[in-house]
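Enquirer: What follows is a single structure, and I will ask about it in a moment.
The values are calculated or read from the model by the stated rules, or taken from the named source; none is laboratory data. Given the structure is predicted, the values throughout are model-derived calculations rather than measurements. Note: ideal-geometry Cβ built from the backbone for every residue, glycine included; neighbour counts use all protein chains shown. The area values use the complete protein model at the heavy-atom level, side chains included, leaving out ligands, DNA and RNA. Shrake-Rupley method; radii C 1.70, N 1.55, O 1.52, S 1.80 Å.
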Amino acid sequence: MENFIVSARKYRPVTFDTVVGQAHITETLKNAIRNNHLAQSFLFCGPRGVGKTTCARILAKTINCFNPTPEMNPCNECPSCKSFNESSSFNIHELDAASNNSVDDIRSLIEKVRIPPQVGKYKIYIIDEVHMLSTAAFNAFLKTLEEPPSYAKFILATTEKHKIIPTILSRCQIFDFKRITIDDIAKHLAFVAKSEVVVAEPDALHVIAQKADGALRDALSIFDQIISFSGNTVTYKDVIDNLNVLDYDYYFKITDFLIKGDVFNVILLFNEILYKGFDGHHFLMGLGEHYRNLLVCKDVVTIPLLEVGENIREKYKEQSAQSSLTFLAKGLDIFNKIDVQYQANRNKRLLVEIALMQMAGINTDSSTSTQNAVVKTVDANIPRIPVDEKKNPIISEPIKKIDVPVKQNVDPKPETQFTTVKMPIDSMGSLFSAGTSNIQKTNQEEKKNEIIQSNDKRDTKFSAEELNVVWNEFAKSIQKDNPSFASTLTISNPELLDNFIININIVNKAQEIEFEEKRNDLVNFLREKLNNYQIMVQLVLNVSTVEAKPYSPKDKFIHLLNKNPLLNDMKNAFGLELEY
């Protein structure tokens, strides 16, 4: 049986030109070799699987090549290249810092550096995962790294640059490798598939590239896994089944339902997704990414940011045309809030369903159309019962009137209970996001402003003393909930003017803001207690009444001296000095 070689090794780049997605690095290294401007030490840093060690090997092989090509690639014919290809080179050494991280290992390395190369110009040391070296090992390595022999070159590679001490960083030429784009990975996978005589759908390769998260090595490993599963034909369905990826079609379907405001089909589809074993948070983040892609498709300029296959790209364009900017922007805002709350919430399924209900209500134009859609969606077999428009259409049984004893001094409210029941589905978002119903919120606001908006003309006269008593009574009533405002009320002196106008002197902008926020509550309280509905409260900002407080020792001494001039005689008698 022939030994199988994984694609990550079989198709590992051997020249700078075949390195994927790192042109800014490879061009710089080629120019440095061409102009003979090689540093004594390099640091290659970046995420996993982006080509750090591969570029280090290509650089080591190229600078030791006897006859490099005009494109600064190794010739593969000279003794140095042949020995490197056969893994028998005595001039290129690789060291794994994860298992050789002690001071003794570095001392052994320093001893080997003293021996010049037997063949070729340079002796190159590639140290992988260099951040694993201990602090003592780093310190032992400093001098050799800064002033190595002319024939010695060091290439360090790491995924965690922040763990390397600054003194090492200052002695290296640093190259930052970036994550490989999805398009670049998909193109390389297509090349590998063609070389392996594998028929692969472009959408399938894009899903593999997305799953790899910018690492080409991971993408090739996933590609090998899919080949083992599906043989020489790689389809989109095979990939999503094998990698447990949620199909794009689910996101398109659920977005169609959300655009129409079809809450019930949205919840049913979400239940199907959970039944397939997908996590609710995973689904929510995928749907948020779907909304982002729809937003990207709104303008031709941003369409290149869409990293999907051509077929799915067309679907995004079509659905984006049906989605308004308001619908997408509000939906993304909901995703952001639910993402923060998800981990702390105990009923995670309900949280996601609430988010879906909120999004389903964004596009609803009117309560009537929404309620009709709800009735049609619930069950077509339910017999239609004629209802009066003035009553709630959702309630099919007549409402029985219940007599409730009412206190005599309280005026009964008009019978408007059923008008508040007719709430449209599109208000679900504000219902859940606010934490209380709009009905309760409206009732509270009406109750809060009830006295202010009253047409009552009662104007019972009262004295300044009576005003002060009620004023202090209000301050005590809010002492527990709002102690700062209660304190402000206590120290402020209300001034009673003609026409029941009350002046309040305030000394700063903060007090003005605080009074403005609580003005309605205060006026309501005064009107009710003093039985006068013509009372008005106005603020007078009087900054000049504030006496400047002494802060420095000199200011405090002068302040005390103005109160008692004999203080200066005492200072002179005891020979005291002020501290500044």
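Enquirer: Sorted by packing (mean other beta-carbon atoms within 10 Å per residue), highest first, where do 278-286, 480-488, 557-565 land? Don't skip to the answer; put the middle values down first.
Expert: On the way: 278-286: 16.6, 480-488: 13.6, 557-565: 11.3.
Per-residue Cβ counts within 10 Å, averaged per peptide and sorted highest first, yield 278-286, 480-488, 557-565.
Enquirer: Where the accessible area of segment 101-177 is counted over protein heavy atoms with a 1.4 Å probe, how much of it, in %, is carbon and sulfur?
Expert: Within segment 101-177, the accessible surface is 51 percent carbon and sulfur.
Enquirer: Further, regarding this structure: Please turn the phi angles of segment 31-36 into ³J(HN,Hα) values with the Karplus equation 6.51 cos²θ - 1.76 cosθ + 1.60 (θ = phi - 60°), one per residue in order, whole Hz, x for glycine and proline.
Expert: Per residue, the Karplus-derived 3J(HN,Hα) values read 5, 5, 5, 5, 8, 6 Hz.
Enquirer: Averaged per residue, what accessible surface does segment 16-140 expose to a 1.4 Å probe, in Å²?
Expert: Value for segment 16-140: 46 Å² per residue.
Enquirer: Counting only protein heavy atoms, what percent of the accessible surface of segment 297-347 is carbon or sulfur at a 1.4 Å probe?
Expert: Here it works out to 52 percent.
Enquirer: Packing-wise, with mean Cβ within 10 Å as the measure, how do 52-63, 104-115 rank, highest first?
Expert: 52-63, 104-115
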